[in-house]
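Trainee: My questions will all concern the structure given below.
Here, each number is a calculation from the coordinates, and none is a lab measurement. Since the model is a prediction, treat every value here as computed from it, not as a measurement. Because the Cβ atoms are built from the backbone with ideal geometry, glycine has one as well, and the counts that use them run over all protein chains shown.
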Amino acid sequence: MSTVTIADWPQDVFRSLKSHDVRQIAYVPDAGHARLIELARADNAMRAVVLSSEQEGVAQLAGAWLGGQRGALLMQSSGVGNCINMLSLPAHCRMPLLMLVTMRGHHGEFNPWQVPMGQATRSVLQAMGALTFEVDEPAKVGETVNAAARMAFEGQALAAVLLSQRLIGAKTFGR
Amino acid sequence: MSDVLQAGRSRAYPLPRREVAKALLAGRGEALVVAGLGATNWDISAVGDRADNFPLWGAMGGAAMLGLGLALAQPGRRVLVLTGDGDLLMGLGSLATIATQRPDNLALVAIDNESYAETGMQATATAGVVDLPGIARAAGFATVDSAVDEAGLARVLPLVHGGAGPVFIAIKVRLESLPLVMPPKDGAYLKDRFRLALLGPGAVAA
């Protein structure tokens, strides 16, 4: 893993989530989220929940909101497809849902099986009424997550930050 | 080759679901109650619609995980999820997720009529060989039991309300057609009503 290209944006994301009092982190791992997951798991004020499938996190965070806590759902773009119908729950109930999505299927993707869902991710989210925020510069990740979190929690909206493969680097499996 | 479903087997089960819901909710105390879409929604609403109920009208497969998020946010309150076999089967992976978090205040109750009752009584996988409490036990739930009759129901009630969580209780109920008893269906209203009751006026303030 190259620390030069990764920079410190996961730390910026973590700081932003803390500043918005996010207490539940639901995730299906992605390499791009690895550091953020570690930070969340090490924080005593956060509960990091590993999911079997991404739509579980949509329902979990609806329950968290009912109980007075804020959350964030971490997944890769393939996981967005698993969430589609469950997004009806926060959309209809007007509950906030902050999603941080690491993109696959773009920008030199090594694995063509990731391309269909990766290319459809933004459209699918928008079709379900989510606000989308795309970011591909490390220095802008923190402020973008901040903006999305504010619109989610203040506006009881679905908000997804799409973290470009340019931030993470295309997975090559060593090739 | 045919499948192993025994459609209609549950017509002979002794426990009527509305009586089961009444018995489960009679001892709820301060518990927050979530019901899965369809029949369990109508069941808890037949007992009495109230602000600290969250009856789902959709989100199939999500009732148990909604209960987990609520239980983690409110560790001092018992959270009781009543849901059907169809809803649980759609989200079986969530049993692994919940067992991994080990919420000691969460109880899941499967009201199992072995059928998709809202869509024409088609058999679910529990009408064959699938053993929901067996799956919950293997996933690692702290307390697991099941009931098929009055004696079983009497045995599991204290586990629902006081067993070490996460609790999974499966109750086999009779397949029957019942009048629909509907709570309000505007989810935004149900949400605000629930949050006001639980968190006070600050929950909906600017």
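Trainee: In the range A:1-102, how does Rg compare with the Kirkwood Rh, expressed as the Rg/Rh ratio over alpha carbon atoms?
Mentor: Looking at the range A:1-102, the ratio lands at 0.97.
Trainee: In addition: Taking the Cα atoms of the range A:48-99 alone, what are Rg (to one decimal) and Dmax (as a whole number) in Å?
Mentor: Rg and Dmax of the range A:48-99, Cα atoms, are 10.1, 29 Å.
Trainee: Assign unit charges at the C-beta atoms only (+1 for Lys and Arg, -1 for Asp and Glu), then state the dipole size of chain A relative to its Cα centre in Debye, rounded to the nearest 20.
Mentor: It works out to roughly 120 debye.
Trainee: Calculate the mean, over all residues of peptide A:45-53, of how many other protein chain Cβ atoms lie within 10 angstrom of the residue's Cβ. List each step's numbers first, then the result.
Mentor: Values: counts 0, 0, 6, 1, 8, 4, 6, 11, 8.
For peptide A:45-53, the averaged partner shielding equals 5.
Trainee: Rounded to whole Å and sorted largest first, list the principal axis extents of the Cα atoms in the range B:31-125.
Mentor: That gives 40, 31, 17 Å along the principal axes, largest extent first.
Trainee: Taking Rh as the Kirkwood radius computed over C-alpha pairs, what is the Stokes-Einstein D of the protein assembly as shown at 37 °C in a medium of viscosity 0.692 mPa s, expressed in µm² per second?
Mentor: Answer from the Stokes-Einstein relation: 154 µm²/s.
Trainee: Return the percentage of antiparallel bridges among DSSP beta bridges fully within the range B:14-204, rounded to the nearest 5 %.
Mentor: About 10 percent, rounded to the nearest 5.
Trainee: Counting other Cβ atoms within 10 Å, which trypsin sites (Lys or Arg not before Pro) in the range B:141-206 have at most 13 and lie in a DSSP loop? All intermediate terms of the calculation are to be shown ahead of the outcome.
Mentor: Numbers: sites: B:155, B:172, B:174, B:185, B:191, B:193, B:195; in loops: B:174, B:185.
Qualifying residues, ordered by number: B:185.
Trainee: Here is a further query. Would you list, by chain and number, the lysines whose Cα falls below 21 Å from the Cα of residue B:22, excluding same-chain residues fewer than 8 positions away?
Mentor: B:172
Trainee: Also: Let me know the charge dipole size of the protein assembly as shown about its Cα centre in debye, to the nearest 20, where only the beta-carbon of Lys, Arg (+1) and Asp, Glu (-1) is charged.
Mentor: Its charge dipole is roughly 380 debye.
Trainee: Another question, if that's okay. Over every pair of different alpha-carbon atoms in the range A:59-175, take the mean of 1/r and invert it; report that Kirkwood radius in Å.
Mentor: Values: mean 1/r = 0.0690 Å⁻¹.
Computed over Cα pairs of the range A:59-175, the Kirkwood hydrodynamic radius comes out at 14.5 Å.
Trainee: What are the DSSP H helices in chain B that stretch 18 Å or more along their long axis, judged by alpha-carbon atoms, and whose average Kyte-Doolittle hydropathy comes to at least 0.5?
Mentor: TM-like helix candidates: B:150-162.
Trainee: If each residue's Cβ is checked for other Cβ atoms within 10 Å, how do B:45, B:115, B:177 rank with the fewest at the top?
Mentor: B:177, B:45, B:115
Trainee: Would you calculate the convex hull of the Cα atoms in the range B:14-204 and tell me its volume per residue in Å³?
Mentor: Values: hull volume 19.7 nm³, N = 191.
Convex hull of Cα atoms, per residue: 103 Å³.
Trainee: Report, as an integer, the average count of C-beta atoms from other chains found within 10 Å of each Cβ along B:67-80.
Mentor: Mean inter-chain Cβ contacts per residue within 10 Å come to 6.
Trainee: What longest region of chain A stays clear of chymotrypsin sites (Phe, Trp or Tyr not before Pro) that DSSP places outside H, G, I, E and B and that have at most 11 other Cβ atoms within 10 Å?
Mentor: A:1-109
Trainee: Please give the average number of partner chain Cβ atoms lying within 10 Å of the Cβ of each residue in B:21-32, rounded to a whole number.
Mentor: 0
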